Amino acid sequence: MTISSEKELEALRRIGRIVAAVLRDMGAALEPGITTRELDEIGRAGLEAQGARSAPELAYGFPGATCISVNREIAHGVPGERRIAAGDLVNIDVSAELDGFFADTGASFAVPPVAPRIGKLCRDGKRAMWEGIGAVKPGARLAAIGERIERFAEKGGYTLVRNLASHGVGRSLHEDPESIPTWRDASERRRLHEGLVFTIEPFLSCGASFAEEAEDGWTLLADRPAPTVQYEHSMVVTRNGPLILTMV
């Protein structure tokens, strides 16, 4: 989507604030013993209280209001009866629609006690996302986002999951520009323009490089048992750089 009016921008900011608040509240509720279904119910209640609808349910018939992935599950995890345990690494992805506009955000949370290696991975996962965001400005190459993220990953000795990309968002959950790489891609020739709405969501890992589909047809697993985190913001390209929509 490319924004054409202040009214559209305000609508995107509204749904962006909603998904950001729901993600914050779900993260705060994480504790050993809670099931992923109970956590999802917190997310659903938060969306419904604001009149928003779950985007994965709406767009794809996903069996949950939010995606909750634990340990080797790195994306699109289906909420269920699994109980969160101490030391788990949990990714929560919240995307929703309100009045025809969509926003998408996500983050990984380490459940205490947190091993030093996992704490560092979480901090660096956020930094990798912000490295990519730092490349956003009108006229910039889309490839510059992935170049900056991969340079950061290499410096820290990390790998990147290379078949889960960022994407356009706004009037639907996934739209043009599709498949924005968060790694170096010499074939990427597209450029950013003012008003463009999209996400940046690198998957930073201690060894995984690809996501594989689980037997349930939804959940994506790391191709090897390596801790992996994801952080995601939706944003708009402005003349002054990126305007983050998914912050509270």
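The values are calculated or read from the model by the stated rules, or taken from the named source; none is laboratory data. Please read these numbers as outputs of a predicted model, since none were measured by experiment. When we count neighbours, we look across all protein chains shown, and the Cβ atoms used for this are built from the backbone with ideal geometry, even at glycine. Only protein heavy atoms, including side chains, enter the accessible area calculation; ligands, DNA and RNA are left aside. Shrake-Rupley method; radii C 1.70, N 1.55, O 1.52, S 1.80 Å.
Points worth noting:
- Accessible-area composition of the chain, carbon plus sulfur, in percent [1.4 Å probe]: 49 percent
- Sequentially through segment 51-59, phi angles give Karplus couplings (6.51, -1.76, 1.60; θ = phi - 60°) of x, 8, 10, 4, 5, x, 5, 5, 7 Hz, Gly and Pro residues having no value and appearing as x.
- Max mean-square fluctuation residue, GNM over the chain, Cα-Cα springs under 10 Å, options 73, 178, 150: 178
- The solvent-accessible area of residue 3, taken with every protein chain present and a 1.4 Å probe, is close to 30 Å².
- Amide H to amide H, with H built 1.01 Å from N, residue 84 comes under 5 Å of 33, 34, 35, 36, counting only residues 5 or more places away or on other chains.
- Residues of type lysines that residue 7 reaches as a straight line, Cα spacing below 26 Å, ignoring anything fewer than 8 places off in the same chain: 137
- Shape call, the chain: gyration tensor on alpha carbons, a/c limit 1.5: oblate
- Inter-part distance where segment 118-192 and segment 207-242 are each reduced to a Cα centre, Å: 10 Å
- Note, ³J(HN,Hα) from phi for segment 115-129, Karplus 6.51, -1.76, 1.60, rounded to Hz, x at Gly and Pro: 5, x, 4, 6, x, 5, 4, 5, 4, 6, x, 5, 5, 4, 4
- Sorted largest first by accessible area at a 1.4 angstrom probe radius, with every protein chain in place, the residues 248, 236 fall in the order 248, 236.
- Å² per residue, accessible surface of segment 192-246 at 1.4 Å: 37 Å²
- Cβ crowding within 10 Å averaged over residues, with 183-189, 126-132, 85-91 ranked highest first: 126-132, 85-91, 183-189
- Largest first, the residues 238, 36 sort by 1.4 Å accessible area into 238, 36.
- Ranked from largest, the principal axis spans of the Cα set of segment 128-248 equal 42, 33, 33 Å.
- In summary, the lysines within cross-link reach of residue 155, defined as a Cα separation below 18 angstrom excluding same-chain residues under 8 places away, comprise 120, 126.
- Estimated inter-spin distance, residue 37 and residue 58, nm [label 7 Å along Cα→Cβ]: 2.6 nm
- Counted charge near residue 20, where neighbours are those whose Cβ lies closer than 13 Å (Asp, Glu -1; Lys, Arg +1): 0
- Residue-normalised accessible area of segment 53-151, given per residue in Å² at a 1.4 Å probe: 40 Å²
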